[in-house]
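The values are calculated or read from the model by the stated rules, or taken from the named source; none is laboratory data. On a predicted model such as this, the values are computed, not experimentally measured, just so you know. Backbone-built Cβ (ideal geometry, glycine too); neighbour counts: all protein chains shown.
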Amino acid sequence: MRVTPPDSAERHLLLGVCGGIAAYKACDLASKAVGAGWRVRVVMTPSATR
């Protein structure tokens, strides 16, 4: 998955994670977004924290 930031100077991503099987991919997505210059905030449901 490739993350390309817009031309804006400030790049923000709010990443919502729930307790599904694909939640493990959120770490990779967040890492790639940070590497591309995005500021990342993550919100998680209670089941995602387990």
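List of remarks:
- Residue that is modelled with the lowest pLDDT, among those in the stretch 1-48 that are loosely packed, with under 11 Cβ neighbours inside 10 Å and among the polar types (S, T, N, Q): Ser8
- Residues that are of a type in the set (A, V, I, L, M) and assigned to a helix (DSSP H, G or I), drawn from the stretch 7-50: Ile21, Ala22, Ala23, Ala26, Leu29, Ala30, Ala33, Val34, Ala48
- The residue pairs whose first member lies in the stretch 13-41 and is within 11 Å of Arg2 (Cα to Cα), whose second member is exposed (fewer than 11 other Cβ atoms within 10 Å of the Cβ) and of a type in the set (Val, Ile, Thr), and whose beta carbons are closer than 8 Å, counting only pairs six or more residues apart or on different chains, are Ala36/Thr4.
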